[in-house]
Amino acid sequence: MANEIPEFPFPYQPYPIQEQFMKALYGALEDSKVGIFESPTGTGKSLSLICGALTWLKDFEERKRQETADLLQEGEAVLSAPTTSSSASSQNSSADPDWITDFVQKKSERELVSKIKVRLGEDEIKRKKREERLEMIRHNAQLKYAFKRKSSEEDETLKLLQLSKGGEEEEALGDAEEEELIVAEYESDEDSKTKSKYVHIYYCSRTHSQLAQFVHEVQKSAFCQDVRVVTLGSRQNLCINEDVRRLGSIQRINDRCMEMQKNRHGEERPNDIRKRGPAKAVCPFAGATALQTLRDEVLGAVSDIEQLVTLGRKTHACPYYATRLAVPSSQLVVLPYQMVLHAATRRASGIQLKGQILIIDEAHNLSDTLSCIHSVELTGAQFCRAFSQLRQYSERYKSRLKAKNLMYIRQILFVLEGLVQVLGGKVGQNPQSQTTQPGTQLLTINDFLFKAQIDNINLFKMPRPQTPRPQTPHPQTPGGLNKENRRTEGLSRYLQALQKGPPAPSGQYGAGHVLAASPMMQVEGFLMALTNSNKDGRVVVHRQGAHGGESSVKFLLLNPAVHFAQVLTECRAVIIAGGTMQPVSDFKQELLFSAGVAQERITEFSCGHVIPPGNILPLVMSSGPSGQELEFTFQNRDTPRMMDETGRVLFNLCTVVPGGVVCFFPSYEYSRRTLAHWDSSGALARLAAKKKIFQEPKKANQVEQVLGEFSRCIQRCAADGGALTGALLFSVVGGKMSEGINFSDDLGRCVVMVGMPYPNIKSPELQEKMAYLDKHLPHAAGRSPGQALIENLCMRAVNQSIGRAIRHRGDYSSIVLCDRRYSRPATVAKLPEWIRSRTQVHASFGTAFAALRKRSHSSL
């Protein structure tokens, strides 16, 4: 890292912890580290990430430009310097005269400098063109046609420079000609036909709403006017073709989009099964000129997903493809987890992490996220449908298929038949009418392959009957199609055609059965999952019984580090950030050390909160008002006595806490049972007399409505000054309101955690994961890695839920942990430091309530 302390252009005077964060981040990027950064919600983490990372990138780009210029200057100095004959002759062991040696040396140096000058000239012209174009867009210039005339002159300069590169350039152009582009007209664009030479910052988070929040922070930053930001999303989020959007499912949207892109090319395929017929539909939003315009608009102004869609409709251009075409010239790429953490999706998106910067935000559940991304589940009905479609194709076109291709198809049919038999079914029969012996079985990968009788098949060389994952195709290939799977494009089109018509003989899948898109892509994903090492994964076979079509197989990834290792190896630096990253030691062991990262490459940063110490009161409540000990174990949490005591605790809290109270239950089922008991006992009515009752909705699209009503109720109660003092919201740990929701100010004056949300220890999948960790990770004193997993899952969920309150420096709230087990030192240690250092443990309800009442009165 440079000795000089960089200056960070912050939109306001940063807090000391924000300055520390940005300096630590700058150093981690400069030194190519893997950084674990913990900054509580409400401390400006996003803005610190933006300013720290983009400041480093600006400095890095300037250094690279200066280094190139210095190299060129040194080369010119070498050319102009005289060569000493004595030096040359002393090094020349042959009998060549000195003038020959001088000539050869001079010629070699001249060629080297010439190449540097050509490369520098090309890069400078492209950079100036891009900057002028973006500057014009930013300032809404009116002379676009004049700019085009000027750029044509620079194109001539570029051509002259390229001619001077000789055979090297011809070879590169030859490689480029072999690539098919999404839009044929883009073949001539310099940004599309060459790989990016820039260092990008890839920022990823879990949800589109979190990505939108991050983009809005970029818009508020000092970098907004000159940083090139591209937000990537799925077709489902970015498509503006209403005929395609109304298809609903993401796979149908993907398939239809790729089909329309192929139709636009009008290419004649040797194995095209549909050579005659009506004109094929093309997308009206994929024109080259419109895409170029939108691409420049994307680079010229920072936009989130919704703004990109609006911009796409305005320019009559597809935001999905325009954003991908903008990536090579971007500086900051904002995208969801799946696109960067899943290798196949990453390749299909054209994302190359070699030498790049990756920031993974909201990474508290990164291990679980990686496992979920790489897990695949299919039903017996999907396997049967895939078998039926593939067999129809084979029978219809066997006379036109080459022997090798026919062998490939038969191989896939053999594998599909084996997978159906594992579930107790038979191919060629209606899966809904088949009955199997119910039960669940957990197998190693090898045992599953033996059971399916496909252990003699090399899954690494299995043909791929569908195009790669289409959610995020490479911007330079039509829907992600490459030379290898062009051979099976006829099959792909046939499967797409089956989606529009009857896929099988009448009654094959039962009356009223609605067919989804072809399942071949999911089948491919499942087969590829089976190529993992035998120790790194398991297969769960679940037989449903009466409805064989609903039986399923699921690949379960036990070792997420095996897929994270490639990301860590390729990237220049990886920053793993979150509001609550504790316990860091277990996180490092499972994801970093297991992936081969050395301790010296890891750097850690953790900071406290910006709020004054008196603005938060975390307390552990070990007993209730009647003296009943609060310990919500599985054995006693359902007793009427425990539920009644919990109701009394909440009633007392609602009596003294103003505004909003948010109460988290450990599960939906326990929440339902407790509220039903309170309703019958009258406790719910007593609570409703103090605060209006709200519950977390069952549907995700109802969350905003409930939050809006919750907020308006609290505002009305504060203004009226009546008997109701606010509102009480019942939510669930790990539910729709435990992450990404902002309960700031009066919305969350008190957060209550009922019990400890331990995962279901009887889950076969969790038991297998625990056994894997116990076998492959080192044991800490007094606990096994499997036991640590259970504790960590619980406390990470707790930390995420209680972090919904305290969203800014002036905010204040109380956190009540209702369970005696929270008082254990090992449990308290897993709370974030800024909460842990202020936590009070109370053995009696009286002392806890007195502290809470004092805190509430002092804030009024």
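Determine the pairs where a residue that is in contact (Cβ under 8 Å) with a residue 24 or more places away in the chain, located within segment 734-751, has a partner that is hydrophobic (A, V, I, L, M, F, W, C) and assigned to a loop (DSSP other than H, G, I, E, B) with Cβ atoms under 6 Å apart, the partner being 6 or more residues away or on another chain.
Listed pairs, sorted by first residue: PHE743/ALA805; GLY748/ALA805; ARG749/VAL657; CYS750/VAL657; VAL751/ALA805.
Just wondering, is there one or more residues in segment 680-692 that are farther than 30 Å from SER744 by Cβ and assigned to a helix (DSSP H, G or I)?
Going residue by residue through segment 680-692, those that are farther than 30 Å from SER744 by Cβ are 680-682.
If we keep only those that are assigned to a helix (DSSP H, G or I) as well, we get 680-681.
Taking every residue of segment 680-692 in turn, at least one turns out to be farther than 30 Å from SER744 by Cβ and assigned to a helix (DSSP H, G or I).
Within segment 792-848, can you find the residues that are out of contact with any helix residue (DSSP H, G or I) (no Cβ under 8 Å at 6 or more places or on another chain) and acidic (Asp, Glu)?
Hits for segment 792-848 are ASP819, GLU833.
Are any residues in segment 648-673 surrounded by fewer than 22 Cβ atoms within 10 Å (Cβ to Cβ) and under 24 Å from PRO759 (Cα atoms), and if so, which ones?
SER667, TYR668, GLU669, TYR670, SER671, ARG672, ARG673
Pairs needed: first member in segment 643-672, of a type in the set (A, V, I, L, M); second member anywhere, open to solvent by 30 Å² or more (accessible area, probe 1.4 Å) and not in a strand (DSSP E or B); C-beta distance under 7 Å; at least 6 residues apart or different chains.
MET643/HIS677; VAL649/PRO625; VAL656/ARG853
Every residue, every condition in (1) of a type in the set (A, V, I, L, M); (2) touching a Phe, Trp or Tyr at 6+ places or on another chain (Cβ under 6 Å); (3) more than 24 Å from PHE60 (Cα to Cα), yes or no:
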{"position": "LEU308", "(1), (2), (3)": "yes, no, yes"}
{"position": "LYS314", "(1), (2), (3)": "no, no, yes"}
{"position": "ALA317", "(1), (2), (3)": "yes, yes, yes"}
{"position": "TYR320", "(1), (2), (3)": "no, no, yes"}
{"position": "PRO328", "(1), (2), (3)": "no, no, no"}
{"position": "GLN331", "(1), (2), (3)": "no, no, no"}
{"position": "VAL334", "(1), (2), (3)": "yes, yes, no"}
{"position": "TYR337", "(1), (2), (3)": "no, no, yes"}
{"position": "ALA344", "(1), (2), (3)": "yes, no, yes"}
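Of everything in segment 3-50, what is over 18 Å from PRO832 (Cβ atoms), in contact with a Gly (Cβ under 8 Å, 6 or more places away or on another chain) and either aromatic (Phe, Trp, Tyr) or in a loop (DSSP other than H, G, I, E, B) (or both)? Give them in sequence order.
Residues satisfying the conditions are PHE8, PRO14, TYR26, LYS33.
Assess whether SER371 counts as being at negative phi and at pLDDT below 90.
Values: at negative phi: yes; at pLDDT below 90: no.
For SER371, the condition - at negative phi and at pLDDT below 90 - is not met.
Within segment 706-735, can you find the residues that are open to solvent by less than 60 Å² (accessible area, probe 1.4 Å), under 30 Å from HIS364 (Cα atoms) and of a type outside the set (S, T, N, Q)?
VAL706, LEU707, GLY708, PHE710, ALA727, LEU728, LEU729, PHE730, VAL732, VAL733, GLY735
Can you give me the number of residues within segment 217-261 that are in contact with a helix residue (DSSP H, G or I) (Cβ under 9 Å, 6 or more places away or on another chain), in a helix (DSSP H, G or I) and open to solvent by 50 Å² or more (accessible area, probe 1.4 Å)?
8
Of the conditions (1) within 23 Å of LEU793 (Cα to Cα); (2) under 29 Å from the mean Cα position of the chain (by Cα); (3) without any contact (Cβ under 8 Å) to a residue 24 or more places away in the chain, GLN702 fails just one. Which one is it?
(1)
Quick check: is even one residue across segment 269-284 surrounded by 15 or more Cβ atoms within 10 Å (Cβ to Cβ), under 24 Å from the mean Cα position of the chain (by Cα) and at pLDDT 90 or above?
no
For segment 798-823, give me each residue that is of a type in the set (Phe, Trp, Tyr) and under 14 Å from ARG749 (Cα atoms).
TYR812
Within segment 820-835, work out how many residues are within 17 Å of ALA851 (Cα to Cα) and not β-branched (Val, Ile, Thr).
Residues flagged as within 17 Å of ALA851 (Cα to Cα) and not β-branched (Val, Ile, Thr) within segment 820-835 amount to 1.
Across segment 351-374, what is the total count of residues that are closer than 23 Å to GLN522 by Cβ and either surrounded by 21 or more Cβ atoms within 10 Å (Cβ to Cβ) or touching a helix residue (DSSP H, G or I) at 6+ places or on another chain (Cβ under 7 Å) (or both)?
5
Pairs, please: C-beta under 8 Å, at least 6 apart or cross-chain, first residue over 27 Å from ALA805 (Cβ atoms) and among the polar types (S, T, N, Q) and in segment 25-46, second open to solvent by less than 20 Å² (accessible area, probe 1.4 Å) and assigned to a strand (DSSP E or B)?
SER32/ALA573
Name the pairs: first residue in segment 321-342 and free of Cβ contacts under 8 Å to residues at least 60 places away in the same chain, second residue among the hydroxyl-bearing types (Ser, Thr, Tyr) and open to solvent by 10 Å² or more (accessible area, probe 1.4 Å), Cβ to Cβ under 9 Å, at least 6 apart or on different chains?
ALA322/THR293; ALA322/THR315
Let's see how each residue does on (1) modelled with pLDDT of 80 or more; (2) more than 28 Å from ARG538 (Cα to Cα):
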position: ILE409; (1), (2): yes, no
position: GLN421; (1), (2): yes, no
position: ARG464; (1), (2): no, no
position: ARG469; (1), (2): no, no
position: ARG487; (1), (2): no, yes
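Restricting to segment 599-645, count the residues that are closer than 20 Å to PHE665 by Cβ and of a type in the set (A, V, I, L, M, F, W, C).
Qualifying residue count, segment 599-645: 8.
Every residue, every condition in (1) touching a residue at least 12 places away in the same chain (Cβ under 8 Å); (2) open to solvent by 10 Å² or more (accessible area, probe 1.4 Å); (3) over 30 Å from LYS830 (Cβ atoms), yes or no:
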{"site": "VAL523", "(1), (2), (3)": "yes, no, yes"}
{"site": "LYS535", "(1), (2), (3)": "yes, yes, no"}
{"site": "ARG538", "(1), (2), (3)": "yes, yes, no"}
{"site": "ALA561", "(1), (2), (3)": "yes, no, no"}
{"site": "CYS571", "(1), (2), (3)": "yes, no, no"}
{"site": "VAL574", "(1), (2), (3)": "yes, no, no"}
{"site": "PRO583", "(1), (2), (3)": "yes, yes, no"}
{"site": "GLU600", "(1), (2), (3)": "no, yes, no"}
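I need the helices (runs of 4 or more DSSP H) fully contained in segment 773-860, keeping only those with at least 1 residues that are acidic (Asp, Glu). Step through it out loud before you land on a result.
Details: elements: 785-802, 825-828, 833-836, 845-859.
Those helices (runs of 4 or more DSSP H) span 785-802, 833-836.
Here are GLU377, GLU417: which of them is open to solvent by 50 Å² or more (accessible area, probe 1.4 Å) and touching a strand residue (DSSP E or B) at 6+ places or on another chain (Cβ under 7 Å)?
Criteria check complete, one pass: GLU377.
Is it the case that SER738 is in contact with a His (Cβ under 9 Å, 6 or more places away or on another chain) and either under 17 Å from VAL661 (Cα atoms) or of a type in the set (Val, Ile, Thr) (or both)?
no
State yes or no: is GLU38 of a type in the set (Asp, Glu), buried (at least 21 other Cβ atoms within 10 Å of the Cβ), at pLDDT 65 or above and under 28 Å from the mean Cα position of the chain (by Cα)?
When the stated conditions are applied, GLU38 passes them.
For GLU791, are the conditions met, namely being open to solvent by 40 Å² or more (accessible area, probe 1.4 Å), at pLDDT below 95, under 29 Å from ASP644 (Cα atoms) and touching a strand residue (DSSP E or B) at 6+ places or on another chain (Cβ under 9 Å)?
The answer is yes for GLU791.
Say we look at segment 26-35 and pick out the residues that are of a type in the set (A, V, I, L, M, F, W, C) and within 21 Å of the chain's Cα centre (by Cα); which of these is surrounded by the most Cβ atoms within 10 Å (Cβ to Cβ)?
LEU29
The values are calculated or read from the model by the stated rules, or taken from the named source; none is laboratory data. Small disclaimer: the values here were computed from a predicted structure and weren't measured. Because the Cβ atoms are built from the backbone with ideal geometry, glycine has one as well, and the counts that use them run over all protein chains shown. Each accessible area value is taken on the protein alone, full model and side chains, heavy atoms only, with ligands, DNA and RNA left out. Shrake-Rupley method; radii C 1.70, N 1.55, O 1.52, S 1.80 Å.
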